[in-house]
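Report on the following structure.
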Amino acid sequence: MQHDPNCLFCKIIAGQIPSKKVYEDERVFAFHDIHPWAPVHFLVVPKVHLHSMAAVTPDHADLLGHMMTLAPKLAQEQGCNPYPDGGFRIVVNTGSEGGQEIHHLHMHVIGGPRPWKKG
């Protein structure tokens, strides 16, 4: 599996930098964001080092499908209420102009109860 020894997320996946793990399998590692934007905010990161969505090829379709189908299950386990009243959002920043800060493909899963919402 391809890794970048200077990549922060590769180091987290390897256990060289501590994280609060949400989930792990042979293809992905999920962990809580250190600067959460919402009550639920974690990242799903492929274990193979891909710089961004711009590096994705058709060969990565199964990996991306795995990440996308895993997100709803993990979101609910982490405290997001079920759809349609609850929910979450998925954000994938791509490149510096797209807001990507760590250049290892990652998916933000963000949601959870919003105390300011009436109803």
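Read-outs: derived from the displayed coordinates by stated rules, not from any lab. Remember, predicted model here, so these are calculated numbers, not experimental data. Cβ placement follows ideal geometry from the backbone for every residue including glycine, while neighbour counts extend to all protein chains displayed.
With the contact rule set at Cα under 8 Å and sequence spacing of 6 or more, what percent relative contact order holds for the chain?
29
Within region 2-119, what is the number of lysine pairs with alpha carbons under 29 Å apart, leaving out pairs fewer than eight places apart on the same chain?
The number of close lysine pairs in region 2-119 is 13.
Find the cysteines in the chain that fail to meet the 4.7 Å Cβ criterion with every other cysteine, and list them.
Those would be Cys80, since no other cysteine Cβ in the chain comes under 4.7 Å of theirs.
Which cross-chain or sequence-distant (5 or more) residues have an amide H under 5 Å from the amide H of His103, H modelled 1.01 Å from N in plane?
Here nothing satisfies the definition.
Could you give the length gained on full extension between Ile34 and Glu101, defined as 0.36 nm per residue of separation minus the Cα-Cα distance, in nm?
In short, 22.8 nm is gained.
Would you mind getting me the FRET efficiency between Lys21 and Ala54? Use the beta-carbon distance for r and R0 = 30 Å, nearest 0.05.
Once the sixth-power term is evaluated, E becomes 0.65.
Please state the Cα pair-distance histogram of the chain with 5 angstrom bins from zero: what percent is in each bin?
2, 11, 21, 24, 20, 12, 6, 3, 1, 0
If you stretched the chain out fully between Arg114 and Thr69, how much longer would it get, using 0.36 nm times the residue separation minus the C-alpha to C-alpha distance?
13.8 nm
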